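J.: To start, I am sharing the structure in question, which I have written as structure tokens.
The values are calculated or read from the model by the stated rules, or taken from the named source; none is laboratory data. Everything quoted here is computed from the prediction, not taken from an experiment. Methodologically, a virtual Cβ is constructed for each residue, glycine included, from the backbone with ideal geometry; neighbour enumeration extends over all protein chains shown. Areas reflect the complete protein model, heavy atoms only, side chains present, ligands, DNA and RNA absent. Shrake-Rupley method; radii C 1.70, N 1.55, O 1.52, S 1.80 Å.
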Amino acid sequence: MKTHTRILCYSFVVAFSTFLHAEEPRLVPEFGEKGLTSLKVDGAELLANATIRVSLNGKPLQGGSLESNGRNEVVLTWPELKASVLYAGSSSHVAYTFEFENTGEVPIRSLDLQPFDIRFPKRPQGGHWFWGYTHNAGDGAPAVIAGDWGDAKLAVSAYEDTSIRKGGVSNQTVAIELKGPTSRSTIYPVIYKIRFPTPIEPGETATFKGSLRVAPSGTPTPDMAKDVYEAFKQKFPFVLDWPDRRPIGVIFLANSGQNWPTNPRGWFNDPKVDVTTEAGLADFRKRLMELADRSIAIMQDVGAQGMLFWDVEGGEMPHAITYLGDPRALPTHAPEMDAVADEFFQKFIDAGFKTGVTIRPSKIVTRPSTGKPAHQQVDDPIADMSDKIAYAKKRWGATIFYMDTNVTWPIDTRPLEEDLTRGMWQGNASLISSADMVDLAQRHPDTLFFPEFPRFGYYSAVGIYGETKTGGRLETPADVRAVYPDAMTVWKLGDVDFLIEWEGLLQASLDGDVQVFRAWFGDWANAFVKRLQQEKAYVERTEDMSPGAPALQIRDEKPELRYDAVRALNKPGVAETRTLIQALEREKDWVIRRQILLALARSGSPEAIPVLIPLAKDSGPKLDYPAMMALTTIGGEGTKAVLEIAGTASGRQMEYALRALRVNNDPVATPLLAEIAMGENDKLSALAIDALRGRHSPELERAMIGVLDSDQPSRLIAAANLLGAYQSRAAVEPLVDLIQRAVSDLKNNHVRVAAGKALEQITGQRHGPYEYLWKRAFDAGKLTP
């Protein structure tokens, strides 16, 4: 048989990144009769096992022989496979090249290569490492897994060779797996999973390369593996062409699963709606058109680019069937909407807005026994969704599409029965591949999709749906932004406090993310969305400040110049502070007023306190939180003013006051914080406990240990965090009890994690969130001094 050679790159290269801010870790490899025998970083041994293990088409190869030149080359031979391993290295890098020859009689469709096990000197930082989970990379994302243990950072990576193709398809896909340890050790087997769309036939060879790199702690992963990320970008070039990053107004019109006799699809959340009579249908149309007019006015005020009708088919079925995601189903499943939808959408088009609907990678069928809709998997979800998009584009000019549940399931070919949906929600689900998502986007390049669940490669062609909450993620991930600077996350503004998270929301908007707001009623959040766009415009403007002193600029007629002048005052002096105080009294622009409060905080001047107190006490202007932060930043009488608010206010203002009191450790605040910490309100108690960070006394420590008897999650998490920061030896036994109770009674993993982290801080032992390991160690006397 004629032999063909295919070069399918993935290279083991241990390399360095040079950063001026951190000392480079020193990597020292050693070689022996079996190849690589040691791999040290600053004297710490990383190599736990260098035995090379291979699985062929899912079956581990056993036995085999090994030959070596004693230096840098190893040849492993099995009846089915010959593997040559070439090492090249120095104190700055090690390179592995694996060449495989198919010496068997069957094609090779997959190779699982386990070249070594890694032992981290310490557990790497991050939640997945804390749990000891298996780490995966690749499969629609850059094949890089990085672990940062504080002293240095290690990245194991692989990349696909996009230059070797057949029929336009890469000859391989590569994923990496750092298999989680069976115990709580820091040893992780490294497994490269190589799959061949075009099999390696008998007599053919394939060459693989990959990388293992070290860099200073804190180095961004894309900076450590630039070649890997660049290769991924070549495979998935950025094709998203949607320069309009203004907000999108959404319309939710139905309440699902209500089974109202005359309103089965839950329109207007009103059981009195009647879509079964002529008079009822006329009233339905009237209400719908009035809603369109209100929504258009709201969208015009906020400055939206378009609207998305999330539930155009209504909500006849409860979750998770709720959104049918198929506008083609309108005539059959929502005839009352089908009759008026064209008129409804046309109103938005005539007002200059883009339009859109929800789609799903499934089709709607009717259960024979109930006559109700159900989702059924389809053979080609990309083609099916493309048809849905084409329908909505043709009928309503739709160009914005939310993609709900962008996953596929194996096809179930059994007849449709009452409780069977033929493949949906029965396990073995997988996200639609990056290649398929790009394919769909390229079929409709004039549209914007944002699927519910992300893959890294999606960002090259579509937006990604996200939900905001206070304390949560608010921006597109940094590693994605490093590869695709113009990537987009479309954020549904949910449980987020705009005043607390303003800077993050603003930065996300400046980076190109898009906010989704509720446009079918006068939501309180819409004013903040509008202000975000306003401040974004101020920041992005190209006009320079006119010459002159900042005090003059602050009085300028142009609001953008006043905004620039205030932001330019990094440390206002006495005269500038007085100018800011005067400006605050006359300024009407909310965005500029907020910037003045930040500037007054930077001044540190007690002279600002009298003008800050009224704003801190008044929730009406929505500047109470930045005013409180300014007061506690200034301190002294400012802190006392916020303490008064914390002691007399309620609701959100009290929450703001407690957050503001975290700014300094003024002992005057300790008694009130301790009192609130022991109060009945779980959320306020947690905020007060968090504000006690940095204030340590035996009395506080005893009080926090007492809190561990509570069953309120937020309070327990805050107390565990504080006791960990206190290094409280007296808290060890109560924390061991808490982590067990978190599993058995509370069933709360957040409490479990907080207790485990606190125990690690106090004892120095590493048992993560595993309650049985902590109990075992405690019973063995290993947690006592």
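Condition check ((1) touching a Phe, Trp or Tyr at 6+ places or on another chain (Cβ under 6 Å); (2) modelled with pLDDT of 85 or more; (3) on the phi < 0 side of the Ramachandran plot; (4) open to solvent by less than 40 Å² (accessible area, probe 1.4 Å)) across all residues:
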residue	(1), (2), (3), (4)
7	no, no, yes, no
11	no, no, yes, yes
23	no, no, yes, no
34	no, no, yes, no
39	no, yes, yes, yes
55	no, yes, yes, yes
64	yes, yes, no, no
72	yes, no, yes, no
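J.: If you don't mind, another one. Taking the condition of being of a type in the set (Ser, Thr, Tyr), modelled with pLDDT under 95 and touching a helix residue (DSSP H, G or I) at 6+ places or on another chain (Cβ under 7 Å), how many residues in the range 649-688 meet it?
T.: Counting residues in the range 649-688 that are of a type in the set (Ser, Thr, Tyr), modelled with pLDDT under 95 and touching a helix residue (DSSP H, G or I) at 6+ places or on another chain (Cβ under 7 Å) gives 0.
J.: If a residue has to be open to solvent by 10 Å² or more (accessible area, probe 1.4 Å) and within 18 Å of residue 683 (Cα to Cα) to count, how many in the range 720-749 make the cut?
T.: Here is the first cut: in the range 720-749, the ones open to solvent by 10 Å² or more (accessible area, probe 1.4 Å) are 721, 725-727, 729-730, 733-734, 737, 740-741, 743-749.
Imposing the further condition that a residue be within 18 Å of residue 683 (Cα to Cα) reduces the set to 721, 746, 748-749.
Residues flagged as open to solvent by 10 Å² or more (accessible area, probe 1.4 Å) and within 18 Å of residue 683 (Cα to Cα) within the range 720-749 amount to 4.
J.: Hey, can you tell me all the residues within the range 468-495 that are crowded, with 21+ Cβ neighbours inside 10 Å, free of Cβ contacts under 8 Å to residues at least 40 places away in the same chain and either assigned to a strand (DSSP E or B) or among the β-branched types (Val, Ile, Thr) (or both)?
T.: The answer is 468, 476, 480, 489, 491, 493.
J.: Looking at (1) surrounded by fewer than 22 Cβ atoms within 10 Å (Cβ to Cβ); (2) of a type in the set (Gly, Ala, Ser); (3) at positive phi, which one does residue 314 not meet, given that it meets all the others?
T.: Among (1) surrounded by fewer than 22 Cβ atoms within 10 Å (Cβ to Cβ); (2) of a type in the set (Gly, Ala, Ser); (3) at positive phi, residue 314 violates only (1).
J.: Residue under question is residue 744, and the condition is that it be within 32 Å of the chain's Cα centre (by Cα), in a helix (DSSP H, G or I) and closer than 28 Å to residue 614 by Cα; does it hold?
T.: In short, no.
J.: Now a separate question. Against the definition (among the small types (Gly, Ala, Ser), in contact with a Gly (Cβ under 8 Å, 6 or more places away or on another chain) and touching a residue at least 40 places away in the same chain (Cβ under 8 Å)), how does residue 306 come out, yes or no?
T.: Details: among the small types (Gly, Ala, Ser): yes; in contact with a Gly (Cβ under 8 Å, 6 or more places away or on another chain): yes; touching a residue at least 40 places away in the same chain (Cβ under 8 Å): yes.
So residue 306 fits the description; yes.
J.: Here is a list: 250, 239, 169. Which entry is hydrophobic (A, V, I, L, M, F, W, C) and either at pLDDT below 90 or over 29 Å from residue 511 (Cα atoms) (or both)?
T.: On the way: 250 fails: either at pLDDT below 90 or over 29 Å from residue 511 (Cα atoms) (or both); 239 fails: either at pLDDT below 90 or over 29 Å from residue 511 (Cα atoms) (or both).
Unique residue meeting the criteria: 169.
J.: Return the residues of the range 544-558 that are open to solvent by 80 Å² or more (accessible area, probe 1.4 Å) and either under 17 Å from residue 593 (Cβ atoms) or at pLDDT 90 or above (or both); say none if nothing qualifies.
T.: 555, 557, 558
J.: Please tell me if residue 95 is within 17 Å of residue 37 (Cβ to Cβ) and of a type in the set (Gly, Ala, Ser). It would help to see each step written out before you state the result.
T.: Details: within 17 Å of residue 37 (Cβ to Cβ): yes; of a type in the set (Gly, Ala, Ser): yes.
Judged against the criteria, residue 95 is a match.
J.: Quick one: which residue in 397, 356 is crowded, with 17+ Cβ neighbours inside 10 Å and more than 23 Å from residue 318 (Cβ to Cβ)? Break it down stepwise before answering.
T.: Values: 397 fails: crowded, with 17+ Cβ neighbours inside 10 Å.
Every option except 356 fails the conditions.
J.: Which of the following residues is at pLDDT 90 or above and on the phi < 0 side of the Ramachandran plot: 416, 440? Quick ask: steps written out before the conclusion?
T.: Details: 416 fails: at pLDDT 90 or above.
Residue meeting the stated conditions: 440.
J.: Looking at residue 51 and the list (1) open to solvent by 70 Å² or more (accessible area, probe 1.4 Å); (2) farther than 17 Å from residue 190 by Cβ; (3) not in a strand (DSSP E or B), which single condition is not satisfied?
T.: The single condition residue 51 does not satisfy is (2).
J.: In the range 108-148, what residues are open to solvent by less than 20 Å² (accessible area, probe 1.4 Å), within 26 Å of residue 759 (Cα to Cα) and assigned to a loop (DSSP other than H, G, I, E, B)?
T.: 120, 124, 132
J.: If you go through the range 283-311 one residue at a time, how many are in contact with a strand residue (DSSP E or B) (Cβ under 7 Å, 6 or more places away or on another chain), small (Gly, Ala, Ser) and either in a helix (DSSP H, G or I) or surrounded by fewer than 19 Cβ atoms within 10 Å (Cβ to Cβ) (or both)?
T.: Residues in the range 283-311 being in contact with a strand residue (DSSP E or B) (Cβ under 7 Å, 6 or more places away or on another chain), small (Gly, Ala, Ser) and either in a helix (DSSP H, G or I) or surrounded by fewer than 19 Cβ atoms within 10 Å (Cβ to Cβ) (or both): 1 in total.
J.: Right, another one. Anything in the range 271-282 that is surrounded by fewer than 19 Cβ atoms within 10 Å (Cβ to Cβ) and either under 40 Å from the mean Cα position of the chain (by Cα) or on the phi > 0 side of the Ramachandran plot (or both)? List them, or say none.
T.: Passing the criteria: only 271.
J.: Okay, moving on. In the range 754-785, how many residues are open to solvent by less than 60 Å² (accessible area, probe 1.4 Å), touching a helix residue (DSSP H, G or I) at 6+ places or on another chain (Cβ under 7 Å) and of a type outside the set (Gly, Ala, Ser)? Please lay out each step first, then the result.
T.: First pass over the range 754-785, keeping only residues open to solvent by less than 60 Å² (accessible area, probe 1.4 Å): 754-756, 758-760, 762-765, 767-771, 773-774, 777-778, 781, 783.
Add one more test, that the residue is touching a helix residue (DSSP H, G or I) at 6+ places or on another chain (Cβ under 7 Å), and what stays is 754-756, 758-759, 762-763, 765, 767-769, 771, 774, 778, 783.
Checking the rest, the ones that are also of a type outside the set (Gly, Ala, Ser) come to 759, 762-763, 765, 767, 769, 771, 774, 778, 783.
Within the range 754-785, residues that are open to solvent by less than 60 Å² (accessible area, probe 1.4 Å), touching a helix residue (DSSP H, G or I) at 6+ places or on another chain (Cβ under 7 Å) and of a type outside the set (Gly, Ala, Ser) number 10.
J.: Every residue in the range 188-212 that is closer than 21 Å to residue 123 by Cα and at pLDDT 90 or above, please.
T.: 188, 189, 190, 191
Residues checked against (1) of a type outside the set (A, V, I, L, M); (2) modelled with pLDDT under 95; (3) in contact with a helix residue (DSSP H, G or I) (Cβ under 9 Å, 6 or more places away or on another chain):
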| position | (1), (2), (3) |
| --- | --- |
| 307 | no, no, yes |
| 318 | yes, yes, no |
| 322 | yes, yes, no |
| 325 | yes, yes, yes |
| 328 | yes, no, yes |
| 335 | yes, no, no |
| 340 | no, no, yes |
| 345 | yes, no, yes |
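J.: Moving on to the next point. Within the range 94-107, is there a residue that is within 34 Å of the chain's Cα centre (by Cα), open to solvent by 30 Å² or more (accessible area, probe 1.4 Å) and at pLDDT below 95?
T.: No; the residues of the range 94-107 include none that is within 34 Å of the chain's Cα centre (by Cα), open to solvent by 30 Å² or more (accessible area, probe 1.4 Å) and at pLDDT below 95.
J.: Further question on the same structure: Can you confirm whether residue 268 is surrounded by 15 or more Cβ atoms within 10 Å (Cβ to Cβ) and without any contact (Cβ under 8 Å) to a residue 40 or more places away in the chain?
T.: Details: surrounded by 15 or more Cβ atoms within 10 Å (Cβ to Cβ): yes; without any contact (Cβ under 8 Å) to a residue 40 or more places away in the chain: yes.
The answer is yes for residue 268.
J.: Assuming residue 203 fulfils every condition listed in (1) part of a loop (DSSP other than H, G, I, E, B); (2) closer than 24 Å to residue 491 by Cβ apart from one, which condition is it?
T.: Residue 203 satisfies every listed condition except (2).
Residue by residue, here is whether (1) in a helix (DSSP H, G or I); (2) open to solvent by less than 30 Å² (accessible area, probe 1.4 Å); (3) more than 30 Å from residue 186 (Cβ to Cβ) holds:
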position: 664; (1), (2), (3): no, no, yes
position: 679; (1), (2), (3): no, yes, yes
position: 718; (1), (2), (3): yes, yes, no
position: 751; (1), (2), (3): yes, yes, no
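J.: May I ask you to verify whether residue 341 is among the small types (Gly, Ala, Ser) and either touching a His at 6+ places or on another chain (Cβ under 9 Å) or open to solvent by less than 30 Å² (accessible area, probe 1.4 Å) (or both)?
T.: Working: among the small types (Gly, Ala, Ser): yes; either touching a His at 6+ places or on another chain (Cβ under 9 Å) or open to solvent by less than 30 Å² (accessible area, probe 1.4 Å) (or both): yes.
Against the criterion (among the small types (Gly, Ala, Ser) and either touching a His at 6+ places or on another chain (Cβ under 9 Å) or open to solvent by less than 30 Å² (accessible area, probe 1.4 Å) (or both)), residue 341 qualifies.
J.: With the requirement that a residue be within 22 Å of residue 667 (Cβ to Cβ), crowded, with 18+ Cβ neighbours inside 10 Å and polar (S, T, N, Q), what does the range 598-650 give you?
T.: 632, 633, 639
J.: Considering each residue of the range 559-601, count those that are under 33 Å from the mean Cα position of the chain (by Cα), among the polar types (S, T, N, Q) and either at pLDDT 95 or above or part of a helix (DSSP H, G or I) (or both), and give that number.
T.: Of the residues in that region, 1 qualify.
J.: Also, I was wondering about something else. Are any residues in the range 644-661 farther than 14 Å from residue 614 by Cα and not hydroxyl-bearing (Ser, Thr, Tyr), and if so, which ones? First the steps, then the outcome.
T.: Within the range 644-661, the subset farther than 14 Å from residue 614 by Cα is 646-648, 650-652, 654-656, 658-661.
646, 647, 651, 652, 654, 655, 658, 659, 660, 661 - these are the residues of the range 644-661 that are farther than 14 Å from residue 614 by Cα and not hydroxyl-bearing (Ser, Thr, Tyr).
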